[in-house]
1. Please grab the % of Cα pairs in region 257-318 that end up more than 20 Å from each other.
2. Of Ala253, Ala224, Ala234, whose Cα points farthest to the positive end of the dipole of region 220-260 (charges on the beta-carbon: +1 Lys, Arg; -1 Asp, Glu; origin at the Cα centre)?
3. How high is the FRET efficiency from Arg241 to Ala141, r the C-beta distance, R0 51 Å, rounded to 0.05?
4. Using modelled amide H (1.01 Å from N, peptide plane; none on Pro or chain starts), what sits under 5 Å from the amide H of Ala225, excluding residues fewer than 5 places away?
5. If Lys and Arg each add +1 and Asp and Glu each add -1, what is the summed charge of the other residues whose beta carbon sits under 12 Å from the beta carbon of Glu257?
6. What's the extension gain from Arg324 to Arg76 if we count 0.36 nm per residue and subtract their Cα-Cα distance?
7. For region 117-332, with only Lys/Arg (+1) and Asp/Glu (-1) charged at the beta-carbon, what is the dipole magnitude about the Cα centre, in debye rounded to 20?
8. Across 5 Å bins from the origin, how do the percents of Cα pairs in region 134-226 run, short distances first?
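All of the numbers you see were taken from the coordinates with simple rules; none came from a lab. Since we're looking at a predicted model, the values are computed, not measured. Here the Cβ positions follow ideal geometry from the backbone for every residue, glycine too, while neighbour counts run over all protein chains shown.
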Amino acid sequence: MLGAFHYSINSILILINFVIIEYIAMLNLNQLRCFWAVARAGGLHRASEQVHLTPQTLSGQISKLEDTLGVPLFERQGRRLVLTETGRLALSYAEDIFRTTGELENVLRHRPGTGSGERRALFRVGIADVVPKSVIYQLLAPVLTLAEPVRLVCREDKLPRLLAELAIHELDLVIADAPHPPGLEVKCYSHELGSSGVAFLASPSLLQSLPCKKEGFPQILKGAALLLPGMDSALRGPLLRWLTDAGVHPQVAGEFEDGALMKAFGQAGAGVFPVPAAISGELCQQLDVRELGRTDELREQFWAITAERRLTHPVTAAVIEAARDSLFAETA
């Protein structure tokens with residue numbers, strides 16, 4: 001009797017699993033991915049910018065998914081789309097589905113022994129546009145020397161858009177100057193690579209024209225033309241506070257979202273510009289500029305952001321290990 005009961009339970013469980021598999025097979029994963037993107041972004045237009053599909057395409061795909069399921073997933077409140085109770089349940093399952101498929105892709109694509117001289121494993125890195133290019137090169141250079149050949153793909157953009165692509169596994173890693181913003185509803189994990197003090201560089205011609213060129217650091221910055229990183233830079237706010245606390249009041253000559261453009265203006269003598277002290281010597285040689293001084297009271301941090309808590313991707317693990325063992329060895 002007991003054996004028959006166990007047999008009956010097992011049969012029911014098998015039947016339930018079969019029904020779940022059949023139901024998932026009915027779903028179109030592209031439609032589910034569109035629903036997932038809109039639910040996470042909080043609206044059609046924001047999601048369309050993140051996944052590079054038109055709002056009309058996203059809306060059409062979600063409507064088809066709702067027709068398949070026979071239930072609404074969103075309801076409109078004014079101009080906002082709000083998840084229904086069923087939509088919230090669907091979102092939790094979609095999170096699990098795409099996290100699992102992403103992990104499966106990484107395991108299959110990057111498992112030992114799959115590399116060959118003819119086909120390189122793809123490693124897609126998102127780079128926040130405020131991170132210095134010299135830092136990025138030193139962080140990613142070890143990728144090109146791994147035993148398993150890797151094809152490196154770099155994409156530069158604003159951090160929120162990169163994190164949205166990371167969440168749907170369009171990227172393997174994001175490198176930024178700040179951890180994952182707490183208010184951004186994207187599930188990912190931040191791993192600190194290290195930090196660096198800040199150095200101030202100037203062209204030789206600008207150095208000779210500074211009002212306080214005979215003063216020590218940081219007083220030499222008084223009245224100097226200063227180039228600032230843009231509003232998206234995590235360094236900007238602390239830098240301005242540090243200058244105020246030090247009683248130094250330079251003249252802001254320019255603000256730059258693109259760090260490479262700021263360096264180009266600095267090299268031409270447009271103003272003093274801040275850089276991570278860890279790469280100051282290299283930049284002085286490359287740009288033929290001089291270091292006016294540096295401070296450890298300002299720290300510029302660098303982060304690796306992944307979609308997984310555990311670093312299962314071997315190339316990501318290699319990037320983080322190399323950063324902590326070389327570029328940021330003193331601070332890791």
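1. Across region 257-318, Cα pairs with separations above 20 Å total 45 percent.
2. Ala224
3. 0.95
4. Gln251, Val272
5. Spelling it out: positives minus negatives among the neighbours equals -4.
6. Working: separation 248, 0.36 × 248 = 89.28 nm, distance 4.79 nm.
Roughly 84.5 nm would be gained on extension.
7. 180 debye
8. Per 5 Å bin, starting at 0, the Cα pair percentages come out as 2, 10, 16, 14, 12, 11, 10, 10, 9, 5, 1.
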